[in-house]
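Since the structure comes first, as structure tokens, the remarks are kept for the end.
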Amino acid sequence: MSSRTYADDLFPLEVIEQGEEQLSAGSSSPSGTPNSVDAANSRIHVGWMTTPFDVEENLDRQVAPYCTNLGESKYNFVSFPVGGVVRAFCKPTALSEHHPPVIDLPDVQLANSLWETYINGKVSEWIDCDSEDLAFATLSEENLLKELNYVCYLGLQTMTIELKRVNSPRTAAILNKWIWTRNSRFTVWVQLPTCLEKCMGFNGQTNEKSLDLWTIWADFRKLCGNFSGMYLQVALSLSANLPNEFTEPKLVERWKAESIGAFIVESDLFITGKFGETVLPSAHLSLLQSLWSSDSLRLVLRAVNDVFKYNKAVKFEWSQALRHAVRDVLFKIQKCSGESSTDSAHYLNVIEYKDVLQAPLQPLSENLDSGVYNTFEQDQTKYVVYGEAVEGALKDLGADGRKSVVVYLLGGGRGPIGTKILRAEKIYNSTFRKGRDPLKVKLYIVEKNPNAIVTLKYMNVRTWKRRVTIVESDMRSLPRIARDRGLEQPDIIVSELLGSFGDNELSPECLDGVTDFLKPTTISIPQKYTSYVVPIMSTHLHQTIKAQSIPFLSRAIPSHGRAEPELDEDGMWIQKYPQGHVVNNMDQIYVVYLSKYIPLFSSTKPVFTFEHPNFTNSSNERSATVEFDIDRKADLMGFGGYFDLQLYKNVMLSIEPSTHTPGMVSWFPAVIPLRDQLRVGENDKIRLKIDRKVDAGGVWYEWHVEQLKPSGDVINTPLQNPNGQSYYMRM
């Protein structure tokens, strides 16, 4: 049995072996690959939308055999009128003698679990709550409520309501009240028309030129309070003729930031492929594949004629053509992005963190636990590059023939960079000293976490052969401790104190604390780092941030803001939020592995830069205005934050998208949200005004956005996080 332990190396052998086993297991036979026909049939769900062409006598009482017949053609579910086909396809009026038939879709013809699994409830087509005929609009409102109630009665998991107009405020008002006030949870698919020209109330001459289907959806979503994308989703309708917004890439991209539930595909758009098979046209295929973000999305076939009644095979051909269109999409995305590889992302399972909110670490005010250290230490790439930077510094210092170099590792954690520093010494000596007059590294590791000190002492005995001097202290106290103990001044200081926005874990304040102890020639690794931002659109992420809540038993957990928990009159501890919970949520910076989002500008722009050592004692307060030109109508939710760092000379690490270090996953992007999504238009300019402020107790950011319209109008968003009320980095 091997006696090898974590301390013998940075990365446990078991992890490497496990990765090799998983890679081997992934090489399965062709029949087991993700894109096989059988796998696609079960993995990708295609539904059939009931239309007047399906109507037969007693269909409302023959739902079970109807579903069975569709199942034989490989349809997984049915979008069926929630009140029955007799009611759904009638043409009522506001006159009493022409009122709609009552709901007549008996529930006992299917088991409850089958209603949940196989039926998507479709609101009756004639319902139009926004009709110009007020009596008919009122009739529609009454019947929409009846059908919503019947969806609950049947226990359906999803329902579809079709928007027929450019503006649907009364429909939105009913849904808005329903989804916010009813203790029932089913997902609403809001079906859009196939094009603007089919919207009632559309007039190409009088309507705003920038009006498009996305605007119709975004306005409707906003009227529904931007409810959670888990329960309020858009269903895109695709006909033979695609509007420009479904073919122009920058406009298509917007849908990637929305909660899409389904694609409703009309039957007349299919064409015959070169081998005689039924396929989608290239434009439709490209659209579907570009927006296919998850196999939980649904495809729905809507027949526009009755050809399927006379050609029984065509139903099957349609369903298989839809599956074939998207069955390989995710597999190819994973392959191209490396998500299925054995790099650091594989070990860390970062895919599980997609769009999950994380609070930035505050390692100065809080001690990290072993699990956090262990997670970060699995990122092989970062430590390899740190080792290269130390090798470069040793090469330059050793060029004068010196016998020793003093290195301080500031904030050593459990010691992985310490291991790399000693390895760099070995590599330097074998390359440049050839065994003669070897250069000796005198390594000091400074760490304030008393728990991590236990590990460092063990590492020193087991791995480093007692070569390391361990200093248990906050690095800012190092000058005093060095004077008291007579410690040597460093030739090199090494630190890894950066957050996702560069300076947001207080690296500048930490490193400035040791400046008085340095030589004028001391090399800092890193030497410089810069933060960057880009405007982003993500309705899902904005909703997620706003919807955060605090459980009762967690109500005294300290906030990320300036205020501390208090003891209330009942003798219970509580963390108070005078600004309100929603404002508190929105006025923080988060760390997120961004997935369901799009950038609204082609590149990031720099914000703050810090250089070390800071021998001039320059202030760490900063103020920046960053301007972007907007090229499309969109909803701005905030900004993605990134950084890059120059470790030594040309040795770099980066999470900035255009220079991202391949294979590195130690840092996810930062997200700087706005309190409310800001509707921006083509040719608008937006300016992020952000300040980094410092006082005796800590550091905080304040930010707001200035929107400049082509007309000259200026819109300012509220100042966020004033005085560090919601996000305060304690020193």
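Odds and ends about this structure:
- Within segment 370-496, the proportion of C-alpha pairs whose separation exceeds 22 Å stands at 35%.
- Between the Cα long axis of helix 213-223 and the first principal axis of the chain there is an angle of about 80°, rounded to the nearest 10.
- Order of H99, H284, H324 - criterion: other Cβ atoms within 10 Å of each residue's Cβ, fewest first: H99, H324, H284
- Length-normalised contact order for segment 94-232 - Cα pairs under 8 Å, 6+ apart - percent: 23 percent
- Per-residue Cβ neighbour rank within 10 angstrom, fewest leading, D684, D587: D684, D587
- For Kirkwood radius over Cα pairs in Å, the value computed from the atomic coordinates appears in the list [x] 29.5; [y] 31.8; [z] 34.2 under label [x].
- D_trans [Stokes-Einstein, Kirkwood Rh over alpha-carbon pairs] for segment 672-731, 20 °C, 1.002 mPa s, µm² s⁻¹: 167 µm²/s
- If R0 equals 25 Å, the separation of the Cβ atoms of A135 and F202 corresponds to a calculated FRET efficiency of about 0.60.
- Measuring spread by the Cα atoms of segment 37-340 yields a radius of gyration and Dmax of 19.1, 64 Å.
- Placing unit charges on the Cβ atoms only, positive for Lys and Arg and negative for Asp and Glu, gives the chain a dipole magnitude near 2100 debye about its Cα centre.
- The sum of -39500 (n - 2.57) across all DSSP H runs of n ≥ 4, divided by the residue count of the chain, sets its helix-only mean residue ellipticity at 222 nm to -8500 deg cm²/dmol.
- Folded to 0 to 90 degrees: helix 450-462 orientation relative to the chain principal axis, Cα: 60 degrees
Values quoted throughout were computed directly from the atomic coordinates according to the rules given, and no laboratory measurement underlies them. Just so you know, these numbers come straight off a predicted model, no measurement behind them. Cβ sites come from the backbone with ideal geometry, for glycine too, and all protein chains shown count toward neighbours.
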